[in-house]
1. Could you pull out the residue among Ala143, Ala139 that is within 14 Å of the ligand (Cβ to nearest atom), among the aliphatic types (A, V, I, L, M), within 30 Å of Phe197 (Cα to Cα) and assigned to a helix (DSSP H, G or I)?
2. When the residues of segment 24-52 are narrowed to those that are in contact with a strand residue (DSSP E or B) (Cβ under 8 Å, 6 or more places away or on another chain) and hydrophobic (A, V, I, L, M, F, W, C), which ends up farthest from Gly77 (Cα to Cα)?
3. Check every one of the strands (runs of 3 or more DSSP E) wholly within segment 305-420 and list those with 1 or more residues that are not assigned by TED's automatic domain parsing to the domain that holds Met109.
4. Can you name every residue in segment 244-298 that is more than 16 Å from the ligand (Cβ to nearest atom), assigned to a helix (DSSP H, G or I) and either among the charged types (D, E, K, R) or modelled with pLDDT under 95 (or both)?
5. If I filter segment 52-69 for residues that are touching a residue at least 24 places away in the same chain (Cβ under 8 Å), open to solvent by 30 Å² or more (accessible area, probe 1.4 Å) and outside any loop (DSSP other than H, G, I, E, B), do I get at least one hit?
6. In segment 119-135, which residue that is of a type in the set (Val, Ile, Thr) and either within 16 Å of the ligand (Cβ to nearest atom) or not assigned by TED's automatic domain parsing to the domain that holds His322 (or both) is surrounded by the fewest Cβ atoms within 10 Å (Cβ to Cβ)?
7. With surrounded by 24 or more Cβ atoms within 10 Å (Cβ to Cβ), in contact with a Ser or Thr (Cβ under 6 Å, 6 or more places away or on another chain) and assigned by TED's automatic domain parsing to the domain that holds Leu323 as the only criterion, which of Pro246, Pro235 stands out?
8. Looking at (1) farther than 20 Å from Pro289 by Cα; (2) among the hydrophobic types (A, V, I, L, M, F, W, C); (3) modelled with pLDDT of 95 or more, which is the only condition Ile228 fails?
Amino acid sequence: MEKYDLSFKNAPDIRTELPGPKSLEMLKEQDKYETNTRVYTDIFKLAVKRASGSTIEDMDGNIFIDWFAGISVLNLGHNNPIVIKAMKDQLEKLVHINEVPSEARIEFMKTLNSVLPVEMKNRSKVMFTVTGADACEAAVSLARYVSKKKTMVVFGGAYHGVAGEIVGATANYHYRDYAELSPTNIYHLPFPYSYRFPIKVPEEDISKAVVDQLEYLIKDPQAGPGAIGGVMVEPVQGEGGYIVPPDDFLPMLREVTEKYSVPLIFDEIQSGMGRTGKIWASEHYGVSPDIMCISKSVGGGIPTSMIAYRSDYDMQLPKGFHLGTYRANPVALAAGTAILNYLKNTDILERVSSKGQYIMKRLNEIQDSSRYIGEVRGKGFMIGAELVKGRKTREPSQEMANMVKSYLYRHGVLMLTCGHFGNVMRYIAPLTIEDELIDKGLSIFEDAVKELEHIY
Ligand SMILES: Cc1ncc(COP(=O)(O)O)c(C=O)c1O
């Protein structure tokens, strides 16, 4: 694989008090003008000057290791020359156009088709959207439209975006029919989260417990929630805590949804684009969905998203089924083609798998000497370490997670948390991160855990 060494040298390099004086000034300016509802500026108190590879330089010359990759938007790192070149070339040609074909659009769709999960290849259509939430909305509307049933089954801990409902204000009722998703049309089943599964069954029966419940909801008209028009799942759950389901879960889900012709949606927005060591996380389990949501890294930093879905569904859809002015930005699609080709044609995915295992092994070693790491889990570069007050009680510790996060920031590593209780440290670095920056980050993580070992 080419180009592993894009990061600034000597990272991390913290030269000032944090935040540094220039960062502080800009953070204050931002406060004056921008909404107070921001979240990330409470976690990473810095103003950014530039970024490259897996490093970010703040306005005061401090250099941080980036272990969050814009929440998996930058899977090939910041300013990757391959991505930047594709964007620049496209900028010279065309920046926006509505729906009519352009080279960028056609090339992207061909490339995407070539990497789709096996059952979807050459049998899928693409519908462009703009954000992750937008793609999930399109997927849900599509599932409900083709099934002619309105209730969606999703999972505890799921994150499919924060949007929607505005369609209710749009006057043309054709747009509202299957898009308007009221809370009464949603049913949450527990995700097979073995560390905190709410039903007392042996660990090997967790998938069955969930899928049996799903089958009951689908086949029994008096089960309660309403006719099930689709199931949406993250193949590896993201915001819910980087939870890898048991190996039999997705195949069982596929089997039961196929049996009852219920559309199955995989939300690969966070787990896709090489994040888990395969282009799509579902490939680990050998199953293909009917509809797949794609976003984040596919635009290389420019907002874009899409769903890929069974072409036989397409016959049934009316014109203007799901709309949006900014769909299929050509610059984003040119980047997407370059990124997909890179994932497809280099050995980056093998590296992500083997390095991911190495990181898990190191985290397991750190766990062995810590009372507060309850579980380490993950696939590829989607790795979670769940922090608890004690390994026996498994009581979640958001406090500990926040302290680790803050220690890491002060020592130059930017890492986010997730999980039902905000207590899971998540490793989500660019897939191109240099070995050295993995090791430096891990030893700072180890120091953080050691220093906090006696807080309870
Ligand atoms: C799995 C998944 N689906 C959907 C979304 C929503 O994407 P967006 O924030 O672009 O709306 C996210 C965002 O993190 C996500 O992780």
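1. Just a single option satisfies the conditions, and that option is Ala139.
2. Filtering segment 24-52 for residues that are in contact with a strand residue (DSSP E or B) (Cβ under 8 Å, 6 or more places away or on another chain) and hydrophobic (A, V, I, L, M, F, W, C), the one farthest from Gly77 (Cα to Cα) comes out as Ile43.
3. Values: elements: 305-310, 373-379, 382-387, 416-418.
Qualifying strands (runs of 3 or more DSSP E): 373-379, 382-387, 416-418.
4. Arg254, Glu255, Glu258, Lys259, Glu283
5. Among the residues of segment 52-69, not one is touching a residue at least 24 places away in the same chain (Cβ under 8 Å), open to solvent by 30 Å² or more (accessible area, probe 1.4 Å) and outside any loop (DSSP other than H, G, I, E, B), which makes the answer no.
6. Thr131
7. Values: Pro246 fails: surrounded by 24 or more Cβ atoms within 10 Å (Cβ to Cβ).
Answer to the selection: Pro235.
8. Of everything listed in (1) farther than 20 Å from Pro289 by Cα; (2) among the hydrophobic types (A, V, I, L, M, F, W, C); (3) modelled with pLDDT of 95 or more, Ile228 misses just condition (1).
The values are calculated or read from the model by the stated rules, or taken from the named source; none is laboratory data. Please read these numbers as outputs of a predicted model, since none were measured by experiment. Reconstructed Cβ throughout: ideal geometry from the backbone, glycine too, with neighbour counts over all protein chains shown. Surface areas here come from the heavy atoms of the whole protein model, side chains and all, with no ligands, DNA or RNA. Shrake-Rupley method; radii C 1.70, N 1.55, O 1.52, S 1.80 Å.
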